[in-house]
1. Give the accessible surface of segment 10-225 per residue, rounded to a whole number of Å², with probe radius 1.4 Å and ligands, DNA and RNA excluded.
2. Mind listing the long-range amide H neighbours of Ala92? Cut-off is under 5 Å, sequence gap 5 or more, other chains count too, H placed in the peptide plane at 1.01 Å from N.
3. Using just the helices of the chain, give the 222 nm mean residue ellipticity in deg cm²/dmol: DSSP H runs with n ≥ 4 each add -39,500 (n - 2.57), and the total is spread over all residues, rounded to 500.
4. About its Cα centre, what dipole magnitude does segment 10-225 give when the only charges are +1 on Lys and Arg Cβ and -1 on Asp and Glu Cβ, stated in debye to the nearest 20?
5. Need the list of aspartates and glutamates near Lys149 for cross-linking: C-alpha distance under 16 angstrom, and skip anything on the same chain fewer than eight residues off.
6. Would you mind checking the radius of gyration and Dmax of segment 73-197 based on alpha-carbon positions, in Å?
7. Using mean Cβ contacts within 10 Å as the protection proxy, how do 13-22, 51-60, 118-127 order, highest first?
8. Out of segment 143-208, which trypsin sites (Lys or Arg not before Pro) are coil in DSSP terms and have no more than 11 other C-beta atoms within 10 Å?
Amino acid sequence: MTEQKPAEAVPAATMLLVRDEPEFQVLMVKRHHQIDFASGALVFPGGKPHSDDSLEEWAAYSDGWDQVDTTQRILKIAAIREAYEEAGILLAVNRDGSPFEGACDPDSRRAVEQGERSFLDVVRQSDVILRLDSLTDFARWITPVFMKKRFDTWFYVARAPERQIAACDGYETVDAEWLSPNRALEMGKSGERTVIFPTRLNLELLSEANSAADCVDRALARTIVPVLPRVLQRDGKNILTIPEDAGYGPASEVVG
């Protein structure tokens, strides 16, 4: 019998928006229970790139365009778009360089999410510039080979705009809340929220920081190691593990 080839890992991007008021917090959303991946879980905004995320026209609407390669441009645009769609936060500046502080229109968010309107069209009409240069590499996780749906996900951390208000989209996400990393971990441990393995470990990594600036500085100093979890057998149990050099310390979880 021919061994089945693992599913291809699809590129994806996730946004860790952090702030300091009233304490060091990260924005998290609760996924709709009908979503097929991580349904009902507490996660960071994110998803797969759309075809429009790769348009060359983005060069005129992106700060930091020349600082990254094509793949990272697409993923960072996707991360900003997903934060816009799922949480109503737009990481952008006005043409004069001042922070964009406007409210994100729910109808436009839904139209972009449903593929009825281009995110580029929204940005162009708002006359703003995306802050690609505000996104710092935080982590990279690849779904285990035994999963039917696999993603190669880049996690980016960025300081959240001070005056924008997060709001869930009511479609992919049913809640948006600012939580300290430790509080989110407590909610997962108690069962108050579902927190999947990668989210838990990245929350633990976030909890090492004491402020948004410290979090970004730590990410800048860290070497990003692709994390491909695998399953080992221990004492008759399936244990999900990660490489020791991934920067998370000893980490495992019983599965199945």
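1. The answer is 46 Å² per residue.
2. Residues meeting the amide H criterion: Phe100, Arg131.
3. -7500 deg cm²/dmol
4. Its charge dipole is roughly 760 debye.
5. Once the sequence-local aspartates and glutamates are set aside, what remains near Lys149 is Glu8, Asp36.
6. 15.9, 49
7. 13-22, 118-127, 51-60
8. Of the trypsin sites (Lys or Arg not before Pro), the ones in loops of segment 143-208 whose Cβ has at most 11 other Cβ atoms within 10 Å are Lys148, Lys149, Arg163.
The values are calculated or read from the model by the stated rules, or taken from the named source; none is laboratory data. The model shown is predicted, which means the values in this text are computed figures rather than measured ones. In this analysis, Cβ positions are derived from the backbone assuming ideal geometry, glycine residues included, and neighbour counts consider all displayed protein chains. With ligands, DNA and RNA removed, areas are computed over all heavy atoms of the protein, side chains included. Shrake-Rupley method; radii C 1.70, N 1.55, O 1.52, S 1.80 Å.
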